[in-house]
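Here is the structure we will look at.
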Amino acid sequence: MTAVAEEAPALGAGHDGGGHDGAGHDGSDHGHTTNTGVSNTKLAIWAFLSSECLFFGSFIASYLLYRGRDTNFQKAGLIKTAFKPQELFNIPFTSATSFILLMSSLTMVLALAALQRGDERRFRIWIASTALFGLTFISGQVFEFTEFYQKGLRLSSGTFGSTFFVMTGLHGAHVTVGIFWLLSLYQRSLQGKLGPEKAEAVEVAGLYWHFVDIVWILIFTVVYLVPYHK
Amino acid sequence: MLQAKMRRGRPMKLKALLVLGVVAAAGCGASTNTQSTFEPHGKIARDDKNIFMGFFWVAAVIGVLICLAVVFAAIRFRERPGNENPKQIHGHTQLEIAWTILPALILTVMGVFTVSMIWDQAAKPAGAMEITVTGKQWWWQFQYTKVDGQTKQVVTANELHIPAGKPIWLTLKSDNVNHSFWIPALAGKKDNIDGHLNNIQMIADIDLLKQPESKRWFDGQCAQYCGLSHADMRVKAKVDTDDEFKTWYASQLTSWTSDAVAKFKKWDDIYTCSSCHYIQGLAKDNTDAKVQSGEAPVPINRGPNLTHLADRTSFAGAKYALTLDNLTQWIYDAQAHSAGEFGKPMECPNYQKDKVLCVGMPAFKDWPGHKMTMAEAKEIAQFLLDQKST
Amino acid sequence: MTTVEHSAVIAQPRPLLARPTKTSGWTSWFTTIDHKKIGIMYGATALIFLVAGGIEALLIRLQLWRPNGTILTAATYNQLFTMHGTTMVFLVGMPLAVAFGNFLVPLMIGARDVAFPRINMLGYWVFLFGGIFLYSSFLFGSAPNGGWFGYTPLTSTPLAHGFLPSRGPDFWAVGLIMLGIGSVTSGVNFIVTILNMRAPGMTLLRMPVFVWMTFIIAMLTLFALPPVTAALIQVYMDRNFGTNFFNAAQGGDPLLYQHLFWLFGHPEVYILILPGMGIVSETLPVFSRKPLFGARVVVMSGIAIGFVGWGVWVHHMYATGLGPATTTGFGIATMAIAVPTGVKIFNWLGTVWGGAVRLTTSMLFSLGFIAMFTLGGLSGVMHSIVPSNAQQHDTYFVVAHFHYVLFGGLVFAIFSGFYYWWPKAFGHFLSEKMGKINFWLLFIGFNLTFFPMHIVGLQGMPRRTYTYGAGHGWELLNQMETVGAFIIALSVLVFFVNVIASRIRNDVAPADPWDGRTLEWSIPSPVPAYNFLEIPEVHEFDDFWHKKYTEDEEGRLVRLPSGGSDAGQHEVSDGSHIHLPSPSYWPMVFALGLPISGYGFVFKNWLLVGVGVAVLMFGLTAWLIEPDTAHEDH
């Protein structure tokens, strides 16, 4: 929930669009220019995402600090059981869901391009695909969590259980928020309230979505791909 | 007097006075403060003080000059007829460079001294006596792991004995929350952190041997917030002559007589003292040998080693003087005399079953099944005090 | 309104409630999105929390009046020092910075409002609710008691293990996460506002130094809060879900927390002090009638502090045994940060030097700031001497040091700011006579309280101790400190009396009462809702000043005959043609969801968490579909 709440302000900013809240600057001039040439909303989402980098950075750093520690502790006789991540992971499966998440970035780009062209129907197709791909990824994560749980991995299983579940869980929460965001864009488009002139609202959501994807590439590499010592 | 100064609008003088005050307090510190960094009695503490005082004077001069400059500027350049429109100075490159470089130079000098001392203090002295210090909630455990090639370990609590002039290498650890071991007169502090082993060098001045025994006691205190009774977690250090130390060390390895063990057993059966306190001679199986070889099993470490309690001068985190009356009160109702329950609940075997009573050092007056009487408490206290070995 | 815009409004979804329109009267404060009103609300709320934190401090001082004091129990004392620290940092220091930033930044850069007025409003309500949430813990007997720094494993060990006998750390962790959300939103808002909404001609180097400092703290906020948020989530998970982030028995490392916390905690120190530096960089030139000496250098050193501030966090951790190489590196970085700080002090002195100094209350506080901050800075440099730090760490010496920096520094600057900008905010002066009593009492009380702490710390008295034994010679110094604390309280009381008395007396202030240098003085006092009738065009640093004055060949000040000191008064228009966005209910509703979820998290009541999220989502949805302007406007 904390992660969800963190997002909310950026969400708000995204939907608002520079034209609304930004109106505070000069209400009589909706299409005002800014000093930097970047719209307020876009600058805000960049600032927010840079902040998010450190948020995930902290969890990734925690994971790296504890990586492989359980096995060492078990060898030293300090803890009884240690889960070996390489034995839990189903790399082909997670690679597939990761690939789907990556593809969703592509469809996101296509959605934006479609809207900028004024092709609202294509926009809706692409944005729905993006959300669907995101949903597929989340389903994969739910399946994976269930699988690990059945194999006995808990939040309290050494440091691996703690860092793995909390980090990937928070990432999953971010993806979930993103899906809701995409769906709300889809709905606005259905109502005819998301024309090409509002493309920036989509662009901002896209920035968030790409960011979440990039974070996953990092997590996937650090957690799944880099081999663990036996 | 302060008021008069205020009215003349020269407040900064007040600060100059106070600065002098700190020096005066440092200078005339020849009082009886056995916990002061101003009165070092060990090499590390003296080095710490010297490097501090050196740069204190530099800082004091800079501080006083800047404060005086503020006061001077405020008075000298006060708006008066004729100077309403002062010369507009926007900056001065040479000045900027100067006051960037000058402090940098001073800091460089400071850095050189600091860095060499950091490495100096981090090194383990050759042939050092080794002692492991464990921070508990809220008392200190000392294990003498290496003393002149001796392998038998002495385990004691709250009062550290060290020989004068000999290098000591303390290993700090914790099996619970963070603590920080600090005896200001001997050495600076370092934290006890679960999962980490930290070290402190400590060398007590050989000059101390000229002092009578009573002047060789120093006080310390836990410096890292560790929960409810943090302020009560104190520690004492006694600097011994070689002979004193040898005698003390040997005495700590002895057991209670079998008579004493038999007598205590009847209380132990009721109040389960030995489930948290180690008593040499009373413990079952191989425990005594294990303790002396350093593999002390956890449960007997819950509370301080009671075998040689009588040889100490204080108890309960060195907060209370070890007198019959104090000890009686403590045994009878420890919780009335401490900020919280001494010891931590998670280690108390009956905690889950009986949350009310068995928490840390219990109030034995309410012991289930057999409420302790004051007379009984006094008898136990007297018995413990009788087990003096030196 | 043009027809195009009108149709755009109609195209909006139907709002849940019509947007509120009232912009005056007491109810308007609940819905306002005006940056000035929000700034004032931040300030007022922070002052209320200042009183709460102050009362905690007084109780602490009463307990320490004599050895083995019995006024407070250890349990209560630990709650009070925890809440004192938490309050002063998160509920007083940071919000006061946001208060000044909110009120001043748009005025100083020539904007009509901040970039996101409703998100700005959200930030305030999150702060208020977060503060109330934290304080409500007293009602549950669960006030935080693990210290404002909340070191693990003391705070992170599950309740059942009883290291800390209450849900205090849960309230603390959840409350700070909540306040962090508010801070990040205001940080984003400041960054966008400052980068994007400057008046024409106001380049970055023509911005007032206060705006620069606000920009730097916004950047620091943005990057400093995520690590601590992560650490607090880990603490919460460890306590409530059995994770092992800080449980050494299962492989966790308590020191990880300290790194994450101080990675936030040290930049936080600069978040707290830079606004103070910004304020005196505005007041000193005005009351010396000289430009800020080396203005660019002051800005650059502020940026340098902002950067190096990221490389010094370990100096809070010298005692944790990180090894000589690490402590050497961070020791040197800590010494290095003293250089730009020193440069600032010298430049402020250079500003006053040779000027025409008016010793107003505001100026006294600013001069007091330079002196007190210098002393705090010097004792800070001494901490970089790692070996002697081992003697000072966690003693009252450190307490003295950071109170000199944050009280002698920040609070003095804040008071200077109050006396300086009060006329701009409220249209009347604060009494100078009472102001001077305010200053001298604070100056005496402050030094009497905190100077002896240097000595008592070096004499071996540790911090965070609810009691101390007799016989160490600490008694007299502790008594001085307690007396001093009550003098400080008296001084703050004088300030509040001054606020009320001045309001009643209503000594009306003109637009430019101090002969100011920055744009906010070019518009009427109090500032109208739209700020500027016409967005000004800026040609140089201290633009407004240069409209009033020029320099002769010798660099002396010459008043221009057509000086615009009463600019804004000429205006005939009432500004009613300027379209401003309407107030809103929804950011407050959104914010209300957070503490509701917060209680759910603390008491592990997932239904309540759900209710909170629902309220939050409701507020968010209503916010997103509400139109730009109330329909009544058209």
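Observations on the structure shown:
- In the range C:404-448, residue nearest to C:Pro524 (Cα to Cα) [restricted to those that are surrounded by 24 or more Cβ atoms within 10 Å (Cβ to Cβ) and of a type in the set (Val, Ile, Thr)]: C:Ile414
- Within the range C:382-393, tally of residues that are at the interface with chain B (Cβ under 7 Å from one of its Cβ atoms) and surrounded by fewer than 24 Cβ atoms within 10 Å (Cβ to Cβ): 1
- Search result, residues across the range B:264-309 that are open to solvent by 30 Å² or more (accessible area, probe 1.4 Å) and of a type in the set (Asp, Glu): B:Asp269, B:Asp285, B:Asp288, B:Glu295
- Single unsatisfied condition, A:Gly158 versus (1) modelled with pLDDT under 95; (2) open to solvent by 10 Å² or more (accessible area, probe 1.4 Å): (2)
- B:Val261 open to solvent by less than 40 Å² (accessible area, probe 1.4 Å), touching a residue at least 24 places away in the same chain (Cβ under 8 Å) and not charged (D, E, K, R): no
- Test for B:Lys236: is it open to solvent by 40 Å² or more (accessible area, probe 1.4 Å) and touching a helix residue (DSSP H, G or I) at 6+ places or on another chain (Cβ under 7 Å): no
- Count of residues meeting criterion [free of Cβ contacts under 8 Å to residues at least 60 places away in the same chain and under 17 Å from C:Ile279 (Cβ atoms)] in the range C:341-358: 4
Matching residues to (1) closer than 21 Å to C:Ile437 by Cβ; (2) at pLDDT below 95; (3) open to solvent by less than 40 Å² (accessible area, probe 1.4 Å):
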site: C:Arg505; (1), (2), (3): yes, no, no
site: C:Glu520; (1), (2), (3): no, no, yes
site: C:Ser525; (1), (2), (3): no, yes, yes
site: C:Ile535; (1), (2), (3): no, yes, no
site: C:Glu540; (1), (2), (3): no, yes, no
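- Within the range C:522-544, residues that are not assigned by TED's automatic domain parsing to the domain that holds C:Pro200 have Cβ atoms under 6 Å from residues that are crowded, with 22+ Cβ neighbours inside 10 Å in no pair, counting only partners at least 6 apart in sequence or on another chain.
- Test: residue in the range C:291-312 that is facing chain B (nearest Cβ under 7 Å) and without any contact (Cβ under 8 Å) to a residue 40 or more places away in the chain: no
- Taking the listed residues C:Pro423, C:Pro387, the one that is in a helix (DSSP H, G or I) and either closer than 26 Å to C:Gly53 by Cα or in contact with a helix residue (DSSP H, G or I) (Cβ under 9 Å, 6 or more places away or on another chain) (or both) is C:Pro387, with no other qualifying.
- Total residues in the range C:597-619, condition farther than 20 Å from C:Pro587 by Cβ and of a type outside the set (A, V, I, L, M, F, W, C): 5
- Residue in the range B:379-389 that is surrounded by 14 or more Cβ atoms within 10 Å (Cβ to Cβ) and modelled with pLDDT under 95 present: yes
- Extreme residue, modelled with the lowest pLDDT, among residues of the range A:39-51 that are more than 7 Å from chain C (Cβ to nearest Cβ) and surrounded by fewer than 23 Cβ atoms within 10 Å (Cβ to Cβ): A:Ser39
- Residue satisfying condition, being within 30 Å of C:Gly252 (Cβ to Cβ) and over 14 Å from the mean Cα position of the chain (by Cα), within set A:Leu115, A:Leu88: A:Leu88
Results for (1) of a type in the set (S, T, N, Q); (2) surrounded by fewer than 24 Cβ atoms within 10 Å (Cβ to Cβ); (3) assigned to a helix (DSSP H, G or I), shown as yes or no for each residue.
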| residue | (1), (2), (3) |
| --- | --- |
| C:Gln234 | yes, no, yes |
| C:Gly278 | no, no, yes |
| C:Ala304 | no, yes, yes |
| C:Val308 | no, yes, yes |
| C:Ala319 | no, no, yes |
| C:Leu322 | no, yes, no |
| C:Thr326 | yes, yes, yes |
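- Only listed residue being surrounded by fewer than 20 Cβ atoms within 10 Å (Cβ to Cβ), within 30 Å of B:Asp48 (Cβ to Cβ) and either of a type in the set (Val, Ile, Thr) or facing another protein chain (nearest Cβ under 9 Å) (or both), chosen from B:Phe77, B:Phe113: B:Phe113
- The set of residues in the range C:337-361 being surrounded by fewer than 22 Cβ atoms within 10 Å (Cβ to Cβ) and more than 25 Å from the chain's Cα centre (by Cα) consists of C:Trp353, C:Gly354, C:Ala356, C:Arg358, C:Leu359.
- Within the range A:143-153, the presence of a residue that is at pLDDT 95 or above, in contact with a helix residue (DSSP H, G or I) (Cβ under 9 Å, 6 or more places away or on another chain), surrounded by 15 or more Cβ atoms within 10 Å (Cβ to Cβ) and closer than 25 Å to A:Leu43 by Cβ is excluded.
- One residue stands out in the range C:542-576 among those that are farther than 22 Å from C:Ala509 by Cα and open to solvent by less than 20 Å² (accessible area, probe 1.4 Å): the one that is modelled with the lowest pLDDT, namely C:Gly555.
- Count of the range C:236-249 residues which are part of a helix (DSSP H, G or I), more than 10 Å from chain B (Cβ to nearest Cβ) and either touching a strand residue (DSSP E or B) at 6+ places or on another chain (Cβ under 8 Å) or over 17 Å from C:Ile177 (Cα atoms) (or both): 1
- Test for C:Gly408: is it out of contact with any Pro (no Cβ under 6 Å at 6 or more places or on another chain) and modelled with pLDDT under 95: yes
- Residue match in the range C:251-265 (condition: closer than 30 Å to C:Pro208 by Cβ and open to solvent by less than 10 Å² (accessible area, probe 1.4 Å)): yes
The values are calculated or read from the model by the stated rules, or taken from the named source; none is laboratory data. Because the structure is predicted, anything quoted here is derived from the model rather than measured. Counting neighbours? That spans all protein chains shown, and the Cβs are built from the backbone with ideal geometry, glycine included. Only protein heavy atoms, including side chains, enter the accessible area calculation; ligands, DNA and RNA are left aside. Shrake-Rupley method; radii C 1.70, N 1.55, O 1.52, S 1.80 Å.
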